[in-house]
Structure formats: C-alpha cells, structure tokens
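Data block below; observations after.
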Amino acid sequence: MRRPGSMWSLETLGRVRLSRHFFMRDFLYSEIGNFHERQNIPENPDLAVTCGRAFCETLMDPLEDTFGRVAVRSGYRSPELNRFGNENRLNCARNDNPLECHIWDRADGDDRIAGASVVIPWFADQYAEGRDWRDLAWWMHDHLDYSEIWFFPKLCAFNLVWRPHPLRRIDSYIAPRGTLLAAGAAPVEPAAARRQRYADFPAFRGIAYP
C-alpha cells in the first residue's frame, strides 16, 4: 500500500480492518493535527497496518470484549506529526525515544511497536469514585500479553503498548507514582492478592485468532 496521496486513498486506509472491533480510522484522529492543521498520515502504511493489527488483536480486542467500549484518546501518530508535537512541548516523546509507542511505522523486525492512549469507561467511573488504578494494572498484567503500560491521572487513561517481544513494564503518574513493575521483574504482589483486587471485574473474554 502506497502512502495515501489523496483524500480517497486516505479513506481507503481508514477502512482497513485491524481486528474484530477496530479499524485503522479509529486511530488516525489527532487533536494536535486538527488544531495545528497538520496531516497524520503513515509514511509506511503497510507497516503501520501490520503493527496496528497485532496491537488490536493482542490487546485492544480482549479489553473491548471484557469491559465493553474502549475509548482511544491518542492512537497513531506519523513521524512528522509526532516530531512537531515534541518540538512544541505537546506531550509527545522524541521520535527516537524507544518508549514512543504512537509511531507504528518507524521500524521493522524486532523493533516494531504499536500503542495508544486509551480509557476504559467501565473502570474510569470507578476510578472517579476512588478506586485504585493498580486494580486494573494487575488485571492487565495477569490477562494480557502487553509490553508497557503507563497510567495517567485524567480518567485513569493509560498508554498500552505492543511489541513482538514484550518488556512487561508498568509505570504510573498516579499516586503512588513511579514504577509498579520493572521490565523482567517479578510482581511485587503475590497472585492471590492480585486476584483479590479485581475479583469483581467482568469475566475475561479474549479472542483466539488462528
């Protein structure tokens, strides 16, 4: 697939189905792009679709099947748009930052990455009433093949990241701030305690893809 050169080819890209629940269009909206009148178009659409499909099938679909609606706060960012966001201090990491997950088409092979900032309304409502973000963090650790998760105070939004070889790292800007789980480390809470945290969560529903 060539880089979209017209509105119609961009529309075709948006119609690409990444998984059972998600299309490429779901991840192309950018508030930075809209406000600053900058396009958000992949430089390598094929790689963006490949990484986006792995991300959605592995992580996003199980979330939506289990909790219902999952809202995408910030999805794909083109290298050009992300660079603009970083240079203008709009909460975008540098393009060469190994933890920058929004650029799905910057590398190939084992360096592939895809991620998005998302909100689970089912949990956000409980978080607003004082529920601990770590309840959701440990649920995802025990049920999803994630690479990194970063939590943020507003709506308990979090960056969810896929890689071919997951790091299994969890960090948060919500108190207690810092690293909940370092890459390669064992959980600080035993399995029984983690399960107690999310005992009232809906039953896990994941999709088995061939």
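The values are calculated or read from the model by the stated rules, or taken from the named source; none is laboratory data. All values reported here derive from a predicted model rather than from experimental measurement. Using ideal geometry, Cβ is built from the backbone for each residue, glycine included, and neighbour counts are taken over all protein chains shown.
Structure notes:
- Flag for LEU59 being on the phi > 0 side of the Ramachandran plot and at pLDDT 95 or above: no
- Across segment 156-210, the number of residues qualifying as without any contact (Cβ under 8 Å) to a residue 40 or more places away in the chain and not in a loop (DSSP other than H, G, I, E, B) comes to 10.
- Residue under evaluation ALA93, criteria (1) modelled with pLDDT under 95; (2) within 27 Å of LEU18 (Cβ to Cβ); (3) in contact with a Leu (Cβ under 8 Å, 6 or more places away or on another chain); (4) surrounded by fewer than 13 Cβ atoms within 10 Å (Cβ to Cβ), criterion not met: (4)
- The residues of segment 27-78 that are among the polar types (S, T, N, Q), in contact (Cβ under 8 Å) with a residue 40 or more places away in the chain and under 26 Å from HIS165 (Cβ atoms), listed by number, are ASN44, THR50, THR58, THR66, SER74.
- Options ARG20, ARG2, ARG25: the member that is at pLDDT 90 or above, surrounded by fewer than 20 Cβ atoms within 10 Å (Cβ to Cβ) and not in a helix (DSSP H, G or I): ARG20
- Any hit, segment 115-128, residues being part of a loop (DSSP other than H, G, I, E, B) and farther than 20 Å from ARG197 by Cα: no
- Residue in segment 45-77 that is nearest to the chain's Cα centre (by Cα), counting only those that are surrounded by fewer than 19 Cβ atoms within 10 Å (Cβ to Cβ) and farther than 30 Å from TYR198 by Cβ: THR50
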